[in-house]
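The values are calculated or read from the model by the stated rules, or taken from the named source; none is laboratory data. Model, not experiment: these values are computed from the prediction. Positions of Cβ are generated from backbone atoms using ideal geometry, with glycine treated the same way; all protein chains shown enter the neighbour counts.
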2 protein chains.
Amino acid sequence: MSKQRLPLLETADPDDCRVPLVAEPLDADQAERLAPSFKALGDPVRLRLLSLIASHAGGEVCVCDLTDAFDLKAPTISHHLKVLKDTGLVTAERRGTWVYYRAERAALDLLSGLLAVPAEAAA
Amino acid sequence: MSKQRLPLLETADPDDCRVPLVAEPLDADQAERLAPSFKALGDPVRLRLLSLIASHAGGEVCVCDLTDAFDLKAPTISHHLKVLKDTGLVTAERRGTWVYYRAERAALDLLSGLLAVPAEAAA
């Protein structure tokens, strides 16, 4: 498994990523670790899937409820969910017949912090 | 020019994007508008370029200072800068011989807000 495929929270240095990129440039290693997560978000279906999972009451969604929201075949949805899972933006748990997805809020928080523009730098 | 190619701040609805995706799911149009910006960030070289531009003292960087930071040919750097510019994450201004790049902090702020996890939702 290449480094790029490891989930974000397993590879990212939490201290590094708390520094917004407007405050300090990323080094090559940091950029390699972080880019796959942004790439995962760089698809409209995945972005919607993540938002449906993240905003769902109770914090998790059955895959059976996700497929209904799209005019796409189940294997396509599964592929996009796998990309989100591989980057660590969501976690998945099988219970009985269905798989339940949950957003990894610490990963979202990390990416949000990276893009944040502190008030003193916003001018 | 397709809708996806328009710079983020020209197409995004500021009110929509102020709502974090953990609070409310994105609709298909919002996801189509936002995904290209994340895709632009989904490359290690572009992520580093953006961070070098965004964190630079004075807020802008001459392209002549960016090429030195990478072991890449100038046309490759130019291509990545164009992707960042097309999505509206940076702006460019030619002055004399050189082009100067500046991060579009409002665009970063918008994307950061979209991924933000409000304290009450972090549990």
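A few comments on the model shown:
- Single unsatisfied condition, A:Asp109 versus (1) modelled with pLDDT of 95 or more; (2) within 29 Å of B:Leu84 (Cα to Cα); (3) within 12 Å of another protein chain (Cβ to nearest Cβ): (1)
- From the list B:Ala119, B:Ala92, the one residue that fits, being of a type in the set (Gly, Ala, Ser) and either within 12 Å of chain A (Cβ to nearest Cβ) or within 30 Å of A:Ala57 (Cβ to Cβ) (or both), is B:Ala119.
- In summary, A:Tyr101 fulfils each of the numbered conditions (1) surrounded by fewer than 20 Cβ atoms within 10 Å (Cβ to Cβ); (2) more than 10 Å from the chain's Cα centre (by Cα) with the single exception of condition (1).
- B:Tyr101 meets all of the listed conditions (1) under 18 Å from A:Leu34 (Cα atoms); (2) touching a helix residue (DSSP H, G or I) at 6+ places or on another chain (Cβ under 8 Å) but one, namely (1).
- The one condition in (1) away from chain B (no Cβ under 11 Å); (2) surrounded by fewer than 16 Cβ atoms within 10 Å (Cβ to Cβ); (3) of a type in the set (A, V, I, L, M, F, W, C) that A:Val63 fails to fulfil: (2)
- Number of positions in the range A:40-81 that are without any contact (Cβ under 8 Å) to a residue 12 or more places away in the chain and within 11 Å of the chain's Cα centre (by Cα): 3
- Number of residues in the range B:57-85 that are of a type in the set (Asp, Glu) and touching a helix residue (DSSP H, G or I) at 6+ places or on another chain (Cβ under 6 Å): the value is 0.
- The C-beta contact set for the range B:91-115 (first residue under 26 Å from A:Gly113 (Cα atoms), second residue in a loop (DSSP other than H, G, I, E, B) and of a type in the set (Lys, Arg), distance under 7 angstrom, 6+ apart or interchain) comprises B:Gly113/B:Arg18.
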